[in-house]
1. Students often check this: by mean Cβ neighbours within 10 Å, which of 343-349, 318-324, 178-184 ranks highest, and how do the rest follow?
2. Taking the radius of gyration and the Kirkwood hydrodynamic radius from Cα positions alone, what is the Rg/Rh ratio for the stretch 1-47, to two decimal places?
3. At a 10 angstrom cut-off on C-beta neighbours, averaged per residue, how do the peptides 159-165, 116-122, 283-289 rank from highest to lowest?
4. Relative to the longest principal axis of the C-alpha atoms of the chain, give the angle of the C-alpha long axis of helix 333-344, reported between 0 and 90° and rounded to the nearest 10°.
5. Mind checking the per residue accessible area of the stretch 34-139 for me, 1.4 Å probe, whole number of Å²?
6. Percent of alpha carbon pairs in the chain separated by more than 43 Å?
7. For D226 and R401 in the same chain, what is the full-extension length gain: residue separation times 0.36 nm, less their Cα-Cα distance, in nm?
8. Could you give the size of the charge dipole of the chain about its Cα centre, using +1 on the Cβ of each K and R and -1 on the Cβ of each D and E, expressed in debye and rounded to the nearest 20?
Amino acid sequence: MRVLFVPLAAASHYYPMVPLAWALRTAGHEVCVAAQSGVTDTAVRSGMQVYPVGADFDLLAHLGRAQEVLRRETGRTLAGFGEMSAIPEDVRRRYVALRNAAHTGAASAMADELVAFARHWRPDVIVCDVVALVGPLVAEVMGIPLVHQAWGPQHAGMVRFPGHGAPVDSWPDELRALYERFGATPRATGGVLTVDPCPPSLQAFRLPHQLVTRFVPYNGSTVIPDWLRRPPERPRVGVSWSVSNSATLVGQEAPLGTVIDALDGLDTDVVVTVGAQDRAALGPVPPGVRVVEGMPLHLVAATCSVAVNHAGAGTMLTVAAAGVPQVMLPQEPGQLRNAETVAAVGAGTLIRGPQTDAGEIRTAVRSLLDEPRWAKAAAGLRDENAAQLTPAQAADAVAERVAERR
């Protein structure tokens, strides 16, 4: 069986696909990843064969423009609003329209090259990110099954997104025109399976044909440094920040400096994982704070007593899989929903933005270090995740579903 993976152009959306891709290859299937430039190198480093498509379209930059409009028209950032419902309706409509236009633009940029490649390579199934709009188009053109890949907690608003329940006449004109150009039939709902690597207690909304699987952390690869080869002498607090946040949350200052100030003097071993861009902006840090660039988060999380992060789905689930309680500083509504799900099961606490109070962050971290209930709930979440289907079992389910459709 030939499997063509179509990720979103963001590493945080590609990473959850990797365990399934590995499992399919191990089972003897051929796997190829069709990727935009934002994830091409990431996919190659994960051991996959990669076909570059849509190189001229920067999805994260276009999503960032929606943030610019929001800040310009309201004087506030997404972290300042928190809930989407708090944004004035007219601004919210423009913000959502700009985000949908970004996803449609990515599909348009990829479509010609991807359809041509699919006609040449002849995949038996497409596995695409749940918001990668080009995947359903290619599957329809080729007449092959479509499998969606989720990345974390979803929300009821997905039923208003193309391919997940939104009436076709509500789709962006450009997306419907793209289907018409290829002679393909747009469908309000599509896909024969949705692979969902999210513990059930964190998943508030079920997508169609959902197959719940174990979240197996993958955040890249590296040579394990000496300091990670031995247990920390003091409780370790892992602080992480998302590279995609830096690209899309325009005008929002990362609260990394505030977090580091909050942890100073807590008698902990502090490790901050960042991208190069955020490291340059961070400046000097206090003694005892280790800042590392490009370090796979799952390696650090496994050694931590507490994690502080933005509650991005991949980050949050990586920490959850390690059984570590979290202090979450969400920067946009999706991250807020993630943080709320973790807080609801007692495996962490959230601080609503803007997060500028070091004392509040310090108190939250101290609570998670001192009170056993947080670690106990985090361990329960880890065990719940470990009880789900393995990637190998998910690969078998995909192969069975494709065979049924032949």
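The values are calculated or read from the model by the stated rules, or taken from the named source; none is laboratory data. In this text, all values refer to a predicted model and were calculated from it rather than measured experimentally. Neighbour counts are summed over all protein chains in view; Cβ atoms, including those assigned to glycine, are modelled from backbone coordinates with ideal geometry. Remember, those area values only see protein heavy atoms, side chains included, never the ligands or the DNA or RNA. Shrake-Rupley method; radii C 1.70, N 1.55, O 1.52, S 1.80 Å.
1. Details: 343-349: 19.4, 318-324: 26.3, 178-184: 15.1.
By packing density, highest mean first, the sequence is 318-324, 343-349, 178-184.
2. On the way: Rg = 10.0 Å, Rh = 10.6 Å.
Ratio value, two decimals: 0.94.
3. Values: 159-165: 18.9, 116-122: 13.7, 283-289: 11.3.
Highest to lowest by the protection proxy: 159-165, 116-122, 283-289.
4. Between the helix axis and the principal axis of the chain, the angle is about 60 degrees.
5. On the way: 4450 Å² over 106 residues.
Accessible surface, normalised per residue, equals 42 Å².
6. On the way: 7552 of 82215 pairs.
Above the 43 Å cut-off, the chain has 9 percent of its Cα pairs.
7. Details: separation 175, 0.36 × 175 = 63.00 nm, distance 4.48 nm.
Once the chain is fully extended between D226 and R401, it gains 58.5 nm.
8. On the way: 35 positive and 39 negative charges, 98 e Å.
Here the chain has a charge dipole of around 460 debye.
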